[in-house]
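The values are calculated or read from the model by the stated rules, or taken from the named source; none is laboratory data. Source: prediction; values computed, not measured. Don't worry about glycine lacking a Cβ; one is built from the backbone with ideal geometry, like all the others, and counts go over all protein chains shown.
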């Protein structure tokens with residue numbers, strides 16, 4: 001097919017590398033960080049880039065001001081100092097070096113971060129990242145992440161100490177104002193005490209409306225993050241329109257960007273004010289990613305070769321749909337990413353579009369993302 005045209009400007013940060021380092025006790029404000037150093041470095045770099053914005057522009061042009069995430073407040077070592085917890089709105093990023101991010105179990109000293117994006121939802125959203133794990137033997141492979149709605153008065157997550165994470169605004173039902181993405185769940189592989197050389201990429205819409213993150217370990221997409229606004233939303237969708245997903249694996253040998261991760265499992269989430277009346281205790285409404293389908297399978301699993309008439313490989317729009325009570329239907333699409341043939345995505349190093357040309361798009365697993373012309377590094 002003819003290659004798609006980008007609908008908006010994107011800031012890309014590609015081919016970033018984190019050296020493998022399994023040193024579990026490299027100091028830090030809690031005395032021991034209780035996780036591999038490369039995991040701490042990976043999260044430090046991802047959060048730092050979300051705040052900084054991207055490093056290269058691609059899109060239809062007319063590039064302007066960048067709307068990135070901001071640090072609302074945090075708990076960390078602040079360049080190796082004593083662990084300290086901030087207050088809502090102080091804007092201090094206490095994650096400066098990787099030892100500023102201790103992982104720990106419930107009730108013990110650990111790092112956390114609240115990021116705000118004012119361009120998503122009615123008044124904005126906040127992402128709370130809590131470095132909590134079930135046991136120190138998990139070595140930072142587990143994490144908590146929550147998305148909260150910014151209130152009309154500008155308030156969001158509040159409270160928090162060196163041993164407790166922030167909570168939703170006081171006096172507001174948590175069932176109506178936040179949802180959980182990960183609850184002591186995998187985010188960066190889960191083979192204890194193993195050093196990993198990570199490679200990561202980030203896409204941020206210039207207007208702040210969407211963020212995608214993909215990172216690898218040994219040619220395998222370990223996690224995909226999606227945080228932002230859908231395009232072409234259902235006209236009846238009157239709630240704050242945003243979606244959030246973090247598919248992070250507990251196994252180093254799996255892949256987080258194939259059809260079974262999103263098409264067969266409702267991994268993408270959204271928030272609804274009536275969520276208290278439905279079953280999910282984590283306040284989430286689940287969304288499946290959709291694709292053109294025939295003969296009981298999505299097109300990119302039915303097809304394994306290029307179109308035999310045109311010689312072109314098909315790309316398909318990634319939609320989203322819900323089967324939940326009072327929310328049935330196709331709800332919108334993800335901007336500027338597409339499905340590609342899974343048989344191509346399984347190749348080591350992925351695949352470029354156009355092949356052998358200007359590398360305008362790159363396929364990770366089954367997903368095709370905008371690309372900046374560079375050679376992708378996946379291992």
Margin query: Pairs needed: first member in segment 105-116, on the phi > 0 side of the Ramachandran plot and in contact (Cβ under 8 Å) with a residue 40 or more places away in the chain; second member anywhere, in a loop (DSSP other than H, G, I, E, B) and surrounded by fewer than 24 Cβ atoms within 10 Å (Cβ to Cβ); C-beta distance under 8 Å; at least 6 residues apart or different chains.
Written below: 107/163; 107/164
Next item on the list: Can you work out which of the residues in segment 348-357 that are assigned to a loop (DSSP other than H, G, I, E, B) and in contact with a strand residue (DSSP E or B) (Cβ under 9 Å, 6 or more places away or on another chain) is modelled with the highest pLDDT?
Entry: 354
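Residues checked against (1) touching a helix residue (DSSP H, G or I) at 6+ places or on another chain (Cβ under 8 Å); (2) under 24 Å from residue 257 (Cβ atoms); (3) touching a residue at least 60 places away in the same chain (Cβ under 8 Å):
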residue: 118; (1), (2), (3): no, no, yes
residue: 133; (1), (2), (3): no, no, yes
residue: 156; (1), (2), (3): no, no, yes
residue: 182; (1), (2), (3): no, yes, yes
residue: 197; (1), (2), (3): yes, yes, yes
residue: 202; (1), (2), (3): yes, yes, yes
Checklist line | Residue in segment 235-250 that is more than 18 Å from the chain's Cα centre (by Cα) and buried (at least 21 other Cβ atoms within 10 Å of the Cβ) present | finding: no
Next item on the list: Take segment 83-104 and flag every residue that is free of Cβ contacts under 8 Å to residues at least 60 places away in the same chain and within 21 Å of residue 42 (Cα to Cα).
Entry: 92, 93, 94, 95, 96, 97
Checklist line | Filter pass, residue 66 being surrounded by 20 or more Cβ atoms within 10 Å (Cβ to Cβ) and either more than 22 Å from residue 109 (Cβ to Cβ) or at pLDDT 95 or above (or both) | finding: no
Checklist line | Selected residue (only one of 324, 342 is more than 22 Å from the chain's Cα centre (by Cα) and either modelled with pLDDT under 90 or surrounded by 19 or more Cβ atoms within 10 Å (Cβ to Cβ) (or both)) | finding: 324
Next item on the list: Could you please find all residues in segment 255-297 being closer than 23 Å to residue 241 by Cβ and part of a strand (DSSP E or B)?
Entry: 268, 269, 270, 285, 286, 287, 288, 289, 290
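Conditions (1) crowded, with 21+ Cβ neighbours inside 10 Å; (2) modelled with pLDDT under 90; (3) over 14 Å from the mean Cα position of the chain (by Cα), marked per residue:
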{"position": "178", "(1), (2), (3)": "yes, yes, yes"}
{"position": "186", "(1), (2), (3)": "yes, yes, no"}
{"position": "190", "(1), (2), (3)": "no, yes, yes"}
{"position": "196", "(1), (2), (3)": "yes, yes, yes"}
{"position": "203", "(1), (2), (3)": "yes, no, no"}
{"position": "218", "(1), (2), (3)": "no, yes, yes"}
Check: If a residue has to be more than 13 Å from the chain's Cα centre (by Cα) and on the phi > 0 side of the Ramachandran plot to count, how many in segment 221-234 make the cut?
Finding: 1
Next item on the list: Considering every residue within segment 28-41, establish whether at least one is part of a helix (DSSP H, G or I), in contact with a strand residue (DSSP E or B) (Cβ under 6 Å, 6 or more places away or on another chain) and surrounded by fewer than 22 Cβ atoms within 10 Å (Cβ to Cβ).
Entry: yes
Next item on the list: Return yes or no: is residue 300 surrounded by 14 or more Cβ atoms within 10 Å (Cβ to Cβ), in contact with a helix residue (DSSP H, G or I) (Cβ under 9 Å, 6 or more places away or on another chain) and not in a strand (DSSP E or B)?
Entry: yes
Item checked: Yes/no for residue 103 being closer than 17 Å to residue 184 by Cβ, at pLDDT below 95 and surrounded by 24 or more Cβ atoms within 10 Å (Cβ to Cβ) -> yes
Margin query: Return the residues of segment 365-379 that are modelled with pLDDT under 90 and touching a helix residue (DSSP H, G or I) at 6+ places or on another chain (Cβ under 9 Å); say none if nothing qualifies.
Written below: 365
